[in-house]
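Scroll down for the structure; my scribbles are underneath it.
The values are calculated or read from the model by the stated rules, or taken from the named source; none is laboratory data. None of these values were measured; they are calculated from a predicted model. A quick note on method: Cβ atoms are made from the backbone with ideal geometry, for glycine too, and the neighbour counts reach across all protein chains shown.
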Amino acid sequence: MTSSPASAAAAQPPAPDAVHPLDRDGLRGRVNQALTAFMDRQADVLSDVGTGMAPVTEALRDFLLDGGKRLRPGFCYWGWRGAGGVDDGPAGDAAVRAATSLELLQASALIHDDLMDRSDTRRGKPAVHRRFEALHGASAWHGDGEGFGSAAALLLGDLCLTWSDEMFSGSGVDPVLLAAAKPLFDVMRTEVMAGQYLDVLEQAMGGGSVERSRRVIRYKSAKYTIERPLHVGAALAGGGPELLAAYSAYGLPLGEAFQLRDDVLGVFGDPAETGKPAGDDLREGKRTVLLALAAERSGPTQTRLLDELVGDPALDDAGVKELRAVIEDTGALAEVESMIDALTESAIQALAAAPITDEAKAVLYGLVEAATVRRV
């Protein structure tokens with residue numbers, strides 16, 4: 001490690017950098033280049049399978065290369081740098097490739113999530129299952145178009161999950177360090193799938209306590225967005241248990257704040273910025289902390305509205321406005337904003353004491369805003 005013990009003043013974030021933290025050392029561009037090179041190789045493999053694979057290659061190129069914040073590779077890379085990783089030529093490029101494999105895991109999770117939620121759009125474009133449903137219709141193929149789209153999305157999501165392991169294992173990182181990081185990479189994938197099941201279970205059960213909703217976001221999003229990428233990066237540089245614990249103290253509260261912000265945007269966000277229709281989370285019936293708090297605090301009329309309207313796929317703009325009013329009037333929105341503030345402050349305090357390099361600490365401070373304000 002190259003840092004000294006943090007002073008009390010270090011608990012305050014440094015002045016904002018003109019360069020976005022995810023663009024430091026050209027990281028986002030390097031991640032995009034690594035994804036492009038990986039997809040070029042996979043395109044050759046898919047082409048050998050047959051001409052019918054062309055729409056698969058095109059869809060995955062679009063999904064992987066057009067949009068995406070690159071948060072998870074960013075946290076993995078700076079977890080590596082914070083642990084003393086030196087970005088000098090081949091070693092740095094290998095670390096970037098290993099970090100980039102997390103973007104394939106993210107793609108798998110999003111493709112499957114959109115399918116399970118029956119979402120129509122992702123980043124302002126048709127979700128993968130809708131894209132292949134439209135292809136089926138435009139081609140006048142036999143059978144059920146919706147079923148074809150669902151099957152295609154399931155397989156493309158599985159393909160991305162397989163590719164994430166392939167890219168990580170073939171990143172070129174020193175084999176000893178790669179072997180040390182692999183168990184953390186594996187448990188991250190297990191946790192996100194288990195968290196996704198908890199999310200589906202909560203919807204089937206009609207929601208529950210705030211604590212149950214927080215457990216869902218902890219495993220479905222918080223851990224695999226920030227904590228585990230930091231852990232993987234640390235292990236790739238030889239970091240030990242003390243560093244992993246420090247990264248958890250920073251990453252877990254920040255990851256939860258990240259998802260709470262996402263939940264707020266899912267109800268109150270601008271579709272031009274979120275890429276999804278206004279109130280889409282309400283139509284899908286996502287049992288978020290926001291809704292759990294509203295349900296706990298609602299009166300009889302508000303409870304009736306929540307029961308009738310949440311999860312209604314035909315929910316119109318008027319219904320969205322009614323539900324927004326319930327969430328605001330019960331104080332659920334204000335409470336979630338307070339939770340975001342408290343979790344963010346906890347992450348900042350933990351980062352101040354983390355035994356990591358000063359440069360990584362400065363970037364991770366910047367990523368606090370990227371994760372919770374979402375100006376990326």
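Just one of the numbered conditions (1) within 30 Å of TYR365 (Cβ to Cβ); (2) among the polar types (S, T, N, Q); (3) over 16 Å from the mean Cα position of the chain (by Cα) is not true of SER150: (1).
Count of segment 313-331 residues, restricted to those that are crowded, with 16+ Cβ neighbours inside 10 Å and either aliphatic (A, V, I, L, M) or touching a Gly at 6+ places or on another chain (Cβ under 7 Å) (or both), is 5.
For segment 30-76, filtered to residues that are of a type in the set (Ser, Thr, Tyr) and farther than 24 Å from LEU230 by Cα, the residue that is surrounded by the most Cβ atoms within 10 Å (Cβ to Cβ) is THR57. Considering segment 261-277, and only residues there that are under 16 Å from VAL310 (Cα atoms) and over 18 Å from the mean Cα position of the chain (by Cα), the residue that is modelled with the highest pLDDT turns out to be PHE268. Name the single residue that is nearest to the chain's Cα centre (by Cα) among those in segment 318-376 being outside any helix (DSSP H, G or I) and more than 27 Å from GLY74 (Cβ to Cβ). It comes out as GLY331. Sub-8 Å Cβ pairs linking a first residue in segment 343-358 that is under 9 Å from TYR247 (Cα atoms) and modelled with pLDDT of 95 or more to a second residue that is crowded, with 20+ Cβ neighbours inside 10 Å and of a type in the set (Val, Ile, Thr), at least 6 apart or interchain, are LEU351/VAL368, ordered by first then second residue.
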